[in-house]
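Read through the structure below, which is laid out as structure tokens, and then see the notes.
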Amino acid sequence: VTGRVSGAGDAAADTGAEAGAYRRLWGGRFAGAPAPALDALNRSLTVDIRLWREDVEASRAWAGALLHAGVLRGDEAAAIVAGLGRVAARLEEGAAAGAPDEDVHTLIERLLYEEAGEVAGKLHTGRSRNDQVATSTRLWALRASDRLEAELRALQAALLATAEGAVDAVMPAYTHLRRAQPVRAAHWLLSHFWALQRDRDRLRDGRERLAVMPLGSGAIAGTGFPVDRHALAGALGFAAISANSMDAVGDRDWVCELLFGMALCGAHLSRLAEDLILYSTEEFGFVALPEAFTTGSSLLPQKRNPDGLELARGKAALLAADAVAALGLLKGLPTGYQKDLQEDKTLLFRAFDALERLLPATRETVRGMRLDRERCAAAAADPALLATDLADELTRRGMPFREAHGQVGALIRASESGTAALAELARDQLGVAASVEGSLEARAAAGGTARAAVLDQIGLAAEALLT
Ligand code: ARG
């Protein structure tokens, strides 16, 4: 007990060192520093330090806006901007390590005092951390979303390049994980390309709502100074300004949208991963994974495990949970900023980090994998895969499809009971034949697996990668 009491005392002494920082921001109406237990809960610096570049940038622009609004004199604005430059240099060199501040905004303000002196106290004029954090986080997310888009495009390019070399490779396509019909391997690979294209489209579409600047909303009622918010938005690279300050400080719809987009992207990567895990098993053997993207077993000498792909499946679960968590944060919040929203960054950073690790690993796995064309072709040569083609052929000769389906079904049953092979029965009893090549080429309608249709699809995919 004594130990704990003295421990708490030490913690209180630690926060005492930062009382100056607190006093500067909001300490005026407080007699002392917050309780250590609250401080430990409330402090977000270790998470939001990642916003420092954006926060410095937004502060520079805000100083400019205050200058144009006549709030700051030229020399004051210049001193603040120069001071922020030195703050940025210090942060670049690791000044945040072990800093006692509550969050990145208070850290930067404290450092600005150290660099620029008392004029630092004028920067927060007409601004609140509520509009500030929303602005910095949006700026960060805009950049992160650009990086993600580039990574997605690179994975799509890897899939496309692999598909281009697999137009004439044939494999079974599965429904219910049962062999269904033969397809070109390129067709399968590109099926994943289009899912990722939708992910990229979603990111780009979301920018319209992401690139809206909340700065100038103040704490909730709007800034009390005549700031030109349009000019400020232009300076920071935002496409628009928020129309309602009360909405702007509490709006995290864009966090939800991004997290949903990332969760869905995670689901797509997970499905690609699952195909590759399955197809690289000894049982399937369609694909050989690059050695550098597999790991060994501590016990089983023969093992080469697809850990990266398994983690794609695993991370997809966390991404989905983060999207749900974001909705949970918003639901039930009263209008305006509430501290619950501080958790948005933990979710955003975690999700972006997961995808920024997953996407390159998945891309390199795709680039390094080898398709075993013989194994694929052998599996696709299963005569049962041509059952639909036999029925289609009967239909082309005038038989209603439902009846053709029944007749071929009866042949399958007969072939399974050992009477004769399906192809023989079809030839002898129905006078029709089918081949893998014929099956592929019959599917020439757009989006199908015929050679020309797949080549068209490759053209569309290449075009999609141009933007
Ligand atoms: N660290 C806070 C966050 O991330 C900054 C905003 C705090 N605003 C406030 N009024 N306490 O949300």
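In region 36-63, the residues that are under 18 Å from GLY98 (Cβ atoms) and among the hydrophobic types (A, V, I, L, M, F, W, C) reach residues that are open to solvent by 50 Å² or more (accessible area, probe 1.4 Å) and in a helix (DSSP H, G or I) with C-beta atoms within less than 6 angstrom, at least six apart or across chains, in these pairs: VAL47/THR346. Among residues of region 100-114 that are in contact (Cβ under 8 Å) with a residue 60 or more places away in the chain and open to solvent by 10 Å² or more (accessible area, probe 1.4 Å), those with a Cβ under 6 angstrom from a residue that is assigned to a loop (DSSP other than H, G, I, E, B) and more than 11 Å from the ligand (Cβ to nearest atom), sequence gap 6+ or separate chain, pair up as PRO100/GLU18. Quick one: is ASP131 within 28 Å of the chain's Cα centre (by Cα), within 14 Å of the ligand (Cβ to nearest atom) and open to solvent by less than 10 Å² (accessible area, probe 1.4 Å)? Judged against the criteria, ASP131 is a match.
Would you be able to say whether some residue in region 345-366 is within 30 Å of ALA442 (Cα to Cα) and among the charged types (D, E, K, R)? Among the residues of region 345-366, not one is within 30 Å of ALA442 (Cα to Cα) and among the charged types (D, E, K, R), which makes the answer no. Listed by first and then second residue, the pairs linking a residue in region 144-163 that is under 13 Å from ALA195 (Cα atoms) to a residue that is among the charged types (D, E, K, R) and surrounded by fewer than 20 Cβ atoms within 10 Å (Cβ to Cβ), with Cβ atoms under 8 Å apart and 6 or more places separating them unless they lie on different chains, are LEU155/ARG363. Of all residues in region 241-257, exactly one satisfies the criterion of being under 18 Å from LEU139 (Cβ atoms), over 24 Å from the mean Cα position of the chain (by Cα) and open to solvent by 30 Å² or more (accessible area, probe 1.4 Å), namely ILE241. Looking at this structure, is LEU371 within 27 Å of ARG153 (Cβ to Cβ), within 16 Å of the ligand (Cβ to nearest atom) and either of a type in the set (Lys, Arg) or open to solvent by 10 Å² or more (accessible area, probe 1.4 Å) (or both)? The answer is no for LEU371.
Looking only at region 75-91, decide whether some residue is of a type in the set (Gly, Ala, Ser), more than 14 Å from the ligand (Cβ to nearest atom), within 18 Å of LEU236 (Cβ to Cβ) and surrounded by fewer than 18 Cβ atoms within 10 Å (Cβ to Cβ). It would help to see each step written out before you state the result.
We begin by selecting, within region 75-91, every residue of a type in the set (Gly, Ala, Ser); these are 77-79, 82-83, 85, 88-89.
Okay, now just the ones that are also more than 14 Å from the ligand (Cβ to nearest atom), so 77-79, 82-83, 85, 88-89.
Of the ones still in play, those that are also within 18 Å of LEU236 (Cβ to Cβ) are 77, 85, 88.
Next, from what is left, pick out any that are surrounded by fewer than 18 Cβ atoms within 10 Å (Cβ to Cβ): 85.
Yes: region 75-91 contains one or more residues that are of a type in the set (Gly, Ala, Ser), more than 14 Å from the ligand (Cβ to nearest atom), within 18 Å of LEU236 (Cβ to Cβ) and surrounded by fewer than 18 Cβ atoms within 10 Å (Cβ to Cβ).
If I go through region 336-368 residue by residue, how many of them are within 16 Å of the ligand (Cβ to nearest atom), part of a helix (DSSP H, G or I) and open to solvent by 40 Å² or more (accessible area, probe 1.4 Å)? The total comes to 5.
Every residue, every condition in (1) modelled with pLDDT under 95; (2) open to solvent by 70 Å² or more (accessible area, probe 1.4 Å); (3) in a helix (DSSP H, G or I), yes or no:
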| site | (1), (2), (3) |
| --- | --- |
| HIS192 | no, no, yes |
| ARG198 | no, yes, yes |
| ARG207 | no, no, yes |
| GLY216 | no, no, no |
| ILE220 | no, no, no |
| VAL227 | no, no, no |
| LEU232 | no, no, yes |
| PHE238 | no, no, no |
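When ALA391, ALA462, ALA433, ALA442 are checked against the criterion of being open to solvent by less than 70 Å² (accessible area, probe 1.4 Å) and in contact with an Asp or Glu (Cβ under 8 Å, 6 or more places away or on another chain), ALA442 stands alone in meeting it.
Residue under question is ASP39, and the condition is that it be in a helix (DSSP H, G or I), within 19 Å of SER217 (Cβ to Cβ) and within 14 Å of the ligand (Cβ to nearest atom); does it hold? Judged against the criteria, ASP39 is not a match.
Restricting attention to region 134-167, the residues that are within 13 Å of the ligand (Cβ to nearest atom) and among the polar types (S, T, N, Q) total 3. Taken over region 150-180, the criterion of being in a strand (DSSP E or B) and open to solvent by 10 Å² or more (accessible area, probe 1.4 Å) is satisfied by VAL170, ALA173, TYR174, THR175, ARG178, ARG179, ALA180. Annotation note: Cβ proximity below 8 Å between a residue of region 370-397 that is without any contact (Cβ under 8 Å) to a residue 24 or more places away in the chain and a residue that is open to solvent by 50 Å² or more (accessible area, probe 1.4 Å) and of a type in the set (Phe, Trp, Tyr) (sequence gap 6+ or interchain) occurs for ALA391/PHE401; THR395/PHE401.
The values are calculated or read from the model by the stated rules, or taken from the named source; none is laboratory data. Note that the coordinates shown come from a computational prediction; the quantities given were computed from them, not determined experimentally. Here Cβ is always computed from backbone atoms with ideal geometry, including for glycine, and neighbour counts include all displayed protein chains. Ligands, DNA and RNA are stripped out before the accessible areas are found, and what is left, the full protein with its side chains, is counted by its heavy atoms. Shrake-Rupley method; radii C 1.70, N 1.55, O 1.52, S 1.80 Å.
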